[in-house]
There are 2 protein chains.
Amino acid sequence: MSASNLTVTLGDVAAAAGVSVSTASRALNGNAKACRISATTADRVREHARRLGFRPNLLARSLQSRRSGLLGVVVPDVANPFFAAIAKEVTRGAEEAGRSVLLADSGECNEREVTLVAELQARRVEGLVVCPVGVDSTHLEAANAAGTPVVVVDRGFRDGSLPTVTSDHRGGAERLIEHLLELGHRTIGIVQGRPGTLPNDDRLRAARDALAAVGVSIDDVPVAGNGFTERSGYESAARLLADRPDVTALFAFSTPNAFGALRAAAEAGRSVPNDLALVCFDDVPHGEFLRVPLTAVAQDVRRLGQTAAEVMAERLETGRPPRRRRYTVPVRFIARASSGGPLPGAEPRSRRRSSRESLAAGAPR
Amino acid sequence: MSASNLTVTLGDVAAAAGVSVSTASRALNGNAKACRISATTADRVREHARRLGFRPNLLARSLQSRRSGLLGVVVPDVANPFFAAIAKEVTRGAEEAGRSVLLADSGECNEREVTLVAELQARRVEGLVVCPVGVDSTHLEAANAAGTPVVVVDRGFRDGSLPTVTSDHRGGAERLIEHLLELGHRTIGIVQGRPGTLPNDDRLRAARDALAAVGVSIDDVPVAGNGFTERSGYESAARLLADRPDVTALFAFSTPNAFGALRAAAEAGRSVPNDLALVCFDDVPHGEFLRVPLTAVAQDVRRLGQTAAEVMAERLETGRPPRRRRYTVPVRFIARASSGGPLPGAEPRSRRRSSRESLAAGAPR
DNA sequence: CCATGTTGCTCAAACGTTTGCACAAGGCCC
DNA sequence: GGGCCTTGTGCAAACGTTTGAGCAACATGG
């Protein structure tokens, strides 16, 4: 009998209860006391609302209150577990604050991202959490300037004013290179992701710096790759291994990159880790069940999402600009089998700093 | 100069152009011709709109047109790649139809699902695509009856009227059991997911039927498990292996279940596939790189999502009830190493029907 | 018995659009 | 030169809420 009926309006409830619309509104919105609605009237209104299955129209409410209760989330690929996890945490945060999430998928296309952001603005989202494609930020800067707070996650922009949440790309890359150096590697091929994006370039720079610190010239660091995909990983690793047969280790910038490299290595007749060490940025779920468990640096995806949600929440609640411009989430180094043991004939380097290591290859947790 | 400004209203544009709001509205909405707005006026209005950075307020538009342009999507866990993929395809479909997606995460909690559906209805979504927790469907039936078309994906309900898109759970389970039977297995332990859900129960029934067809009594089919999680897989497999040392094969109902079973097997001192065969429903990405590549039945997740999107699109476009009540998406059987070779001493059964097999273990694609 | 305060409610404007209808001006026909 | 169609535009209502201001009725205090 009290099945919800979306066509019942506040007016209908008011009429049924024999009061005016305004009284009905106040009675239902809890602040009955403050608005001096008698308890009996309030009860009567509520009773009729229930009976008619009244559902307030949030569109109307939003229009009137100028608060849509909507948060826009834009990611390059929802199906990618990385972004899915971020979306999840942001959604959770938004819902805690009573907001709903409008999710959009840019498909790694900057133009689409621009369109989507405009669309979300048109829907009057109160804020935007964006994992940008990373090419251009003018639309995001514009939205931010126009009063829609923007928080950027993962891929950021070197300059500009947008608060940005990222993993510690530099620290992670440095850690992996140091690991390889300790094992005696000096000629390390880099299977990079999408050049020009902040995560990629930060990792690349950190890797080069770490190598330069032990005297490896920048020209002795072969680099290839043009995307975070398996295909790019495969092609660039194949090229790298063909051009520079002297590389003893590969550093892949993503797990798909690493899987591609793994295939390329197999086809080049180099077995991992015996003939070639492999490390990668980003961990793979169930990594311990892989034939060659991958030494990796794991990003704390949930914390990335949570941090973004928090930064956004604070901006929305206080109305202030964000405290900081950059929020860096630590990564976790996990040594597994793919990096192998020390190179024969290499004197192991001493570690410069300590760091909590994780379990070894394939150990059940 | 033409930076978008969300506070600029149609009224401002009209005033700037020296026309009435209605004229401005008609000029901007393209139907200028049909509404007999002169070309010069239309241009002038557009020019001023551009200059002022006018962005129509979609909330107002939605309210007036009674079409929110919103589609609600509810899944139990966005971070799960399976649901993320579904969300992606549905999002894509919605955007093609000019709608945006409101995404909600029920966290496998039925109560939460109920709340979320209500919330989405309050926002006047035009349709709901739901991967339900699967316990109860009254709220979904109610929404559907109240005029918000509902399409159910993955977990459905045995009765009721909601159009439902699922994988061919029965066919997949049957195929895996037949595979094991061919290899000579007769005592097959079932590591099930969440009992009571349609995918689980369909798979279970099909498995039992397939076994019964070759004379294995239902009492000789050990079953354990209470969730699609790794933990449940681990615990139930451990129990199964302890209680019934005679099982020669396990059928896990999800990849997490399978990983759990793998750990349990290792701890029980049984190596896969030599001492124990293992097959599972659901494929794992990069399955060929696993130490023990898993024989599996892969769901076509994208097609699940696409089908849901299509069914919803047709319902929304035509306004008709769905053509069918059940849409079944075929699965793909993939033989890999985890099911091992024929049992020693077993006469291999002949296949009853043919089916396209996929590549063998670990083959590069 | 009048000023004052409190209680309980209604009126009406506003949020930013869309859209049916009316209306003025001009051209055309007879 | 009056009727009529066409063209271009404006008025005002509507969508379903919220909310400030106003107004009776009644109690209170002097």
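The values are calculated or read from the model by the stated rules, or taken from the named source; none is laboratory data. Since we're looking at a predicted model, the values are computed, not measured. So basically every Cβ, Gly included, is an ideal-geometry build from the backbone, and we count neighbours across all protein chains shown. Ligands, DNA and RNA are stripped out before the accessible areas are found, and what is left, the full protein with its side chains, is counted by its heavy atoms. Shrake-Rupley method; radii C 1.70, N 1.55, O 1.52, S 1.80 Å.
For region B:270-295, a drop of 30 Å² or more in accessible area on going from the chain alone to the assembled protein chains (1.4 Å probe) is found at B:H286, B:F289, B:L290, B:R291.
Contact residues in region A:86-100 (at least 40 Å² less accessible area with all protein chains than alone, 1.4 Å probe): A:K88, A:E95, A:S100.
If you average 1/r over all unlike Cα pairs in chain B and invert the result, what Kirkwood radius do you get in angstrom?
Working: mean 1/r = 0.0429 Å⁻¹.
Evaluated on chain B, it is 23.3 Å.
So what's the angle, to the nearest 10 degrees on a 0 to 90 scale, between helix A:198-212 and the longest Cα principal axis of chain A? Rounded to the nearest ten degrees, it is 30.
Our summary gives chain B a relative contact order of 15 percent, counting only alpha carbon pairs under 8 angstrom and 6 or more residues apart.
Mind checking which aspartates and glutamates have their Cα closer than 14 Å to the Cα of A:K33? Skip sequence neighbours fewer than 8 apart in that chain. The qualifying aspartates and glutamates are A:D43. Please name the residues of region B:48-65 whose accessible area, counted over protein heavy atoms with a 1.4 angstrom probe, falls by no less than 10 Å² between the chain alone and the full protein assembly. Hits at the 10 Å² cut-off: B:R55, B:P56, B:N57, B:L58, B:L59, B:A60, B:S62, B:L63.
The angle separating the long axis of helix A:169-182 from the principal Cα axis of greatest extent in chain A is about 20 degrees.
If r is the Cβ-Cβ distance from B:L6 to A:N226 and R0 is 45 Å, what FRET efficiency results, to the nearest 0.05? Could the numbers behind the result be given before it?
Values: r = 37 Å, r/R0 = 0.83.
For R0 = 45 Å, the calculated efficiency reads 0.75.
Label-to-label distances for B:N110 across copies, nearest first, come out at 5.0 nm, using points 7 Å from Cα in the beta-carbon direction. Near A:A337: Cβ cut-off under 11 Å, other residues only, Lys/Arg at +1 and Asp/Glu at -1. The net charge is +2.
How large a share of the accessible area of region A:10-56, in percent, is made up of carbon and sulfur atoms when the probe is 1.4 Å and the other protein chains stay in place? All intermediate terms of the calculation are to be shown ahead of the outcome.
On the way: 1400 of 2690 Å².
Taking all protein chains in place, region A:10-56 shows 52 percent carbon and sulfur surface.
Accessible area per residue (1.4 Å probe, heavy atoms of protein chains only) ranks A:D77, B:D12 as B:D12, A:D77, with the largest value leading. A:T9 sits among other residues whose Cβ lies under 13 Å from its own Cβ, and their net charge, with Lys and Arg +1 and Asp and Glu -1, is +3. Placing a pseudo-label 7 Å from each Cα along the Cα-to-Cβ vector at B:T138 and A:A34 gives an inter-label distance of 3.5 nm.
Orientation-averaged projection of the protein assembly as shown equals 38.4 nm² [convex hull of Cα atoms, one quarter of hull surface area]. Can you give the Rg to Rh ratio of region A:68-162, both from alpha-carbon atoms, with Rh computed by the Kirkwood formula? Here the Rg-to-Rh quotient is 0.93. Helix A:255-267 against the longest principal axis of chain A: what's the angle in degrees, Cα atoms only, rounded to the nearest 10? Approximately 30 degrees, to the nearest 10.
Report the calculated FRET efficiency for A:R326 and B:R325 (r = Cβ-Cβ distance, R0 = 60 Å), to the nearest 0.05. Taking R0 as 60 Å, the efficiency between A:R326 and B:R325 is 0.70. Ranked by solvent-accessible area (1.4 Å probe, protein heavy atoms only, all chains present), the residues B:R323, B:R55, A:R158 order from largest to smallest as B:R323, A:R158, B:R55.
Each copy carries a label point for B:N226 at 7 Å from Cα toward Cβ; from one copy, the others' points are 5.4 nm away, ordered from shortest. In this calculation the C-beta distance from A:R291 to B:D243 is compared with R0 = 25 Å, giving a FRET efficiency of 0.20.
In Å², and per residue, what accessible area does chain B have when probed at 1.4 Å with the other protein chains present?
Working: 15540 Å² over 365 residues.
Solvent-accessible surface per residue comes out at 43 Å².
For B:I37, A:I218, B:I86, what's the largest-to-smallest order of accessible area, 1.4 Å probe?
Working: B:I37 30, A:I218 95, B:I86 0 Å².
Sorted descending by solvent-accessible area, the residues read A:I218, B:I37, B:I86.
Only protein heavy atoms count here; under a 1.4 Å probe, B:E174 has an accessible surface of about 60 Å².
Computed with every protein chain present, the accessible area of B:E95 is close to 50 Å² [probe 1.4 Å]. Of the accessible area of region B:161-207, computed with a 1.4 Å probe over protein heavy atoms only, carbon and sulfur atoms account for 42 percent.
The interface between chain B and chain A buries about 5100 Å² of solvent-accessible area in total (1.4 Å probe, ligands and nucleic acids excluded). The heavy atoms of A:S338 offer some 0 square angstrom of accessible surface to a 1.4 angstrom probe.
Comparing B:G193, B:G269, B:G184 in a Gaussian network model of chain B, where Cα atoms under 10 Å apart are tied by springs, the biggest mean-square fluctuation is seen for B:G269.
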